[in-house]
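Report on the structure given below.
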Amino acid sequence: MTPDLIILAQITKQYQMGAVQIPVLQGIDLRIHQNDFIAIMGPSGSGKSTLLHIIGCLDRPTSGTYLLEGKSMPDVSDKESSRIRATHIGFVFQKFNLIPTLNVMENVELPFLYADIDVEIAKKQASEAIHRVGLTDRIYHKPSELSGGEMQRAAIARAVAIRPKIILADEPTGNLDSKTGREILRLFEEFHSHGAAIIMVTHDKEVASFAKTIIYLKDGKIEDKIS
Amino acid sequence: MMKISFRSLLQHKLRASLSIFGIICGVMAFLTMISIGEGAREKIIHQIEQLGIKNIYVRAVALTEDQKLRADEHLSKGLSVYDADRIRSGCRYIRDVGYLKELKQSLRDSGISPQIVAISSNYAQLLNISIAQGRFIRDSDIRYKSLICVAGDEVAKSLGAKGKLGSHIRIEDQLFKIVGILSRSDKEIKQSSVMSARNHNQMIFIPAGTQQPEAQTAQKKNEAELTEIVAQTINTDVVVKAGSIIARILDVSHKNIDDYQIVIPQELLRQAEKTQSTFNITLGAIAGISLLVGGVGIMNIMLATVTERTKEIGVRRAIGATQQDIVVQFLTESVMLTVIGGIAGIGIGAAAVRIVSAFAGWDTAVTLFAIAVPLLMSVLVGIFFGLYPAFRAAKMDPVAALRHE
Ligand SMILES: Nc1ncnc2c1ncn2[C@@H]1O[C@H](COP(=O)(O)OP(=O)(O)OP(=O)(O)O)[C@@H](O)[C@H]1O
Ligand SMILES: [Mg+2]
């Protein structure tokens, strides 16, 4: 039994809308191991993205326990959680979210800048990641000069270049056709086989089938978990 | 980091150039102000160095017909050696007194017309005039009325072979032997204001008392005995005090006739500084307002940029940017904007200053100081007005920023 990478216990999240409180997550219990590949499914508004943001230290839960490698994340400073995002976590989004003014190489180097990693190492690992997603011949292209699939590859290169422990993907194939989507998923499989834990939000059963575990979320609760 | 900021500025070239317009104006105004100020200061300091900071000048003033009548009535004979002696004995702050008389006599057989002046023997020492060859006029020259002279650098040069030491020149009907030639004084002086120094390069000095009496025409009857008295004080602290004592002494002997004028270089410096400071306040206010308006423009543009790039901020936060990283990013951008504006303003301002000094004939000096101060101001404006937008960007909720479309 490998130690737990992440432990979530009784995580809740509420949004204050004037006088009313909107409960989004209502007690999530989840353990994530280093060798997990999890798909999160559920209806729109069930709190999938919110959960992903909390796991990614981008959002803080209203209550509950969140331990990453044994460390309580809601308690750390902005500086520390930013550092953890830069070094431990790779985000991939539905809309790619590359920085439009930067070329592929510069986008991929960005996490290294924030992690204060030596430029030489950054360049080496960034071009390695770009190579692995098959974008070596697009390295100096701006995002606007790339296709959707290429943009998502670049985004994946940015997420994996620093070799994070966890890759978090929010509907990574949502804006791609099914063929391109499958290519992207194959990349995830490859990075998973190299040891990264992957958590992926999706609406698509076929996409979810790439994962080893599927979690169904409904009304802020885990309704079902299939391994 | 710089490169990245610069690139995002290039995204909106027109918008960025418009937003720095105020900064350009402000920096231009600052540069102009300082350059003109420095130019004026350099000029004044130069003149004061020539006149001597410890010296007090009493200069004869031409009288109007009316005043002449009054002067005749009161028996004031204008500036005289007697005045010089009274100043020497009547004021304990005075170390030495010299005098000069401009003569309306001309140099014969030469083709040039230098200013010929009769002086006391200490004149050169009081004004720090240095000699290149030979010697200056001595006490004994005055006492024995020696027919010798000292020539200015340009005079000696234009006289050619006749301008050497030992040769003789003819002033009116007398021959004077050249015993000294002055070193060239460094700067051409425009003879304009009351405080301007004389251009010694174009003068011939003879001992006081050796000149032939000027023709006694009716017009010349009121001609003062001296053109200028130079009184040197014992130190720079007592110059003003000594000046008022001299004024009192002369008031008595001239019976309140204003046929003289007291010029105190030190006082002139102070006056010039005063005028300068009024000028500075005016232009400084204009520059300050321009920078303020320019700064608000920068803030406006930065706020727009931050809003526009909310999504980017969310992405950067997601991949590991701290709040501080975001602050630095946007501050770099706003400072870069204002510095570009500053450099443009300095360029245009320097050109403007050149043009102004060429056309208006003002003395200006685009010194390092005149460039560094406005440049520093533009950096400060960039920081000051960029802080709020940068903090607003940093304080955004990363999740909300990411959801932003
Ligand atoms: N800042 C906020 N203030 C109030 N409510 C919010 C805020 N952010 C999210 N919510 C609400 O939280 C709920 C969950 O949102 P979330 O984005 O996690 O859903 P999701 O499962 O990812 O949905 P989708 O499948 O459409 O992406 C939604 O009902 C949303 O309206
Ligand atoms: Mg979502």
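We did not get these values from a lab; they are worked out from the coordinates using the rules stated. Just so you know, these numbers come straight off a predicted model, no measurement behind them. So basically every Cβ, Gly included, is an ideal-geometry build from the backbone, and we count neighbours across all protein chains shown.
Here are a few things to note about the model shown:
- Local charge for A:Arg186 was computed over the other residues whose Cβ lies under 14 Å away, with Lys and Arg +1 and Asp and Glu -1, and equals 0.
- Full extension of the chain between A:Arg31 and A:Thr136 yields a length gain of 34.1 nm, computed as 0.36 nm times the residue separation minus the alpha carbon distance.
- Pairs beyond 29 Å (Cα-Cα), from A:Lys179/A:Lys225; A:Lys142/A:Lys218; A:Lys165/A:Lys205; A:Lys165/A:Lys225; A:Lys48/B:Lys311: A:Lys142/A:Lys218
- Long hydrophobic helices in chain B: the complete DSSP H runs spanning 15 Å or more by Cα along their own axis with mean Kyte-Doolittle hydropathy of at least 0.5 are B:21-51, B:239-253, B:265-308, B:323-360, B:368-394.
- The helix-based estimate of mean residue ellipticity at 222 nm for the protein assembly as shown, built from -39,500 (n - 2.57) per DSSP H run of four or more residues and divided by its residue count, is -15500 deg cm²/dmol to the nearest 500.
- Taking the number of Cβ atoms within 10 Å of each Cβ as an exposure proxy, the fewest-first ranking of A:Leu217, B:Leu14 is B:Leu14, A:Leu217.
- Of all DSSP bridge pairs formed entirely within chain B, close to 75 percent run antiparallel.
- Spatially proximal aspartates and glutamates relative to B:Lys162 (Cα-Cα < 12 Å; intrachain offsets below 8 disregarded): B:Asp109
- Among A:Val20, B:Val373, a tally of other beta-carbon atoms within 10 Å of each Cβ gives an order, fewest to most, of A:Val20, B:Val373.
- With contacts taken as Cα pairs under 8 Å at a separation of at least 6 residues, chain B carries a relative contact order of 31 percent.
- Cα centre as origin, Lys/Arg/Asp/Glu Cβ charges: chain B dipole, Debye: 820 debye
- Among the listed pairs A:Lys95/B:Lys13; B:Lys54/B:Lys104; A:Lys79/B:Lys395; B:Lys157/B:Lys177, those beyond 22 Å (Cα-Cα): A:Lys95/B:Lys13; B:Lys54/B:Lys104
- Net dipole in debye of the range B:248-405 [+1 Lys, Arg Cβ; -1 Asp, Glu Cβ; about Cα centre; nearest 20]: 480 debye
- Listed by Cβ neighbour count within 10 Å, with the fewest neighbours leading, B:Ile169, B:Ile48 appear as B:Ile48, B:Ile169.
- Whole-number Å³ per residue for the convex hull built on Cα positions in the range B:354-405: 119 Å³
- For A:Ile22, neighbours were defined as the other residues whose beta-carbon sits under 13 Å from its Cβ, and their charges (Lys and Arg +1, Asp and Glu -1) total 0.
- Summed residue charge, Cβ within 13 Å of A:Asn97's Cβ, Lys/Arg positive, Asp/Glu negative: +3
- Relative contact order %, chain A, counting alpha carbon pairs below 8 Å whose residues are six or more apart: 29 percent
- Antiparallel DSSP beta bridges within chain A, percent to nearest 5: 60 percent
- The residue among B:Val353, B:Leu268, B:Ile116 whose Cα reaches farthest toward the positive pole of the charge dipole of chain B, with charges on the beta-carbon of Lys, Arg, Asp and Glu, is B:Val353.
- Between the amide H of A:Val24 and those of A:Lys13, A:Gln14, A:Tyr15, distances stay under 5 Å, these residues lying 5 or more places away or on another chain, with hydrogens modeled in the peptide plane.
- Looking at the range B:101-179, the chymotrypsin sites (Phe, Trp or Tyr not before Pro) that sit in a DSSP loop and have at most 14 other Cβ atoms within 10 Å of their own Cβ are B:Tyr144.
- The residue among A:Gln26, B:Thr307, A:Leu102 whose Cα reaches farthest toward the positive pole of the charge dipole of the protein assembly as shown, with charges on the beta-carbon of Lys, Arg, Asp and Glu, is A:Leu102.
- For trypsin sites (Lys or Arg not before Pro), the sites in the range B:329-405 that DSSP calls loop and that have at most 12 other Cβ atoms within 10 Å are B:Lys395.
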